[in-house]
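See below for the structure under consideration.
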Amino acid sequence: MHELSIVVNIVDIAEKEAIKVEVDNFSLIGLEIGTQSGIVLEALDFAWETGVKGSVLENAKKKITKIQAKAKCTNCNEVFEIESLYDICPKCNSYIIEIIQGKELKILTLEFDSEN
Ligand SMILES: [Zn+2]
């Protein structure tokens, strides 16, 4: 499953970060997910439970910030929000557009309780 490999990746990054900051687990992870990243949030939630088991993220709360996808028209340079890859330019109706934002998946923050 696509989403599970994403979770495995995130866990991998978090494990390395945990070693760096010398903590056993994180309390919160903030993720930024673009609306055109191809990630299905429900599937991600499902994969998350399996993927984080026994890891530094097992008890971490997951905070997701959605990034609205935007595209730029290659014809008139208009920048606009898109709902699908097949959206056309609202200004000149061109269908040749370039996605400039919204395909990303980023870890924004990893937080831990300093008391442990
Ligand atoms: Zn245009």
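Those strands (runs of 3 or more DSSP E) of the stretch 73-116 in which at least 1 residues are more than 16 Å from the ligand (Cβ to nearest atom) and surrounded by 13 or more Cβ atoms within 10 Å (Cβ to Cβ), considering only elements entirely within it, cover 97-101, 105-111. Scanning the stretch 1-37 for residues that are closer than 14 Å to Asn59 by Cα and assigned to a loop (DSSP other than H, G, I, E, B) yields Val23, Asp24, Asn25, Phe26, Ser27. Taken over the stretch 48-72, the criterion of being more than 16 Å from the ligand (Cβ to nearest atom) and in contact with a strand residue (DSSP E or B) (Cβ under 7 Å, 6 or more places away or on another chain) is satisfied by Trp48, Leu57, Ala60, Lys61, Lys62, Lys63, Ile64, Thr65, Lys66, Ile67, Gln68, Ala69. Would you check if Ser55 is touching a residue at least 40 places away in the same chain (Cβ under 8 Å), on the phi < 0 side of the Ramachandran plot and in a loop (DSSP other than H, G, I, E, B)? So Ser55 passes the test.
Computed from the coordinates by the stated procedures, all read-outs in this text should not be read as laboratory data. In this text the structure is predicted, and so the values were computed from the model without any measurement. For neighbour counting, all protein chains shown are included, and Cβ atoms are generated from backbone atoms with ideal geometry for every residue, glycine included.
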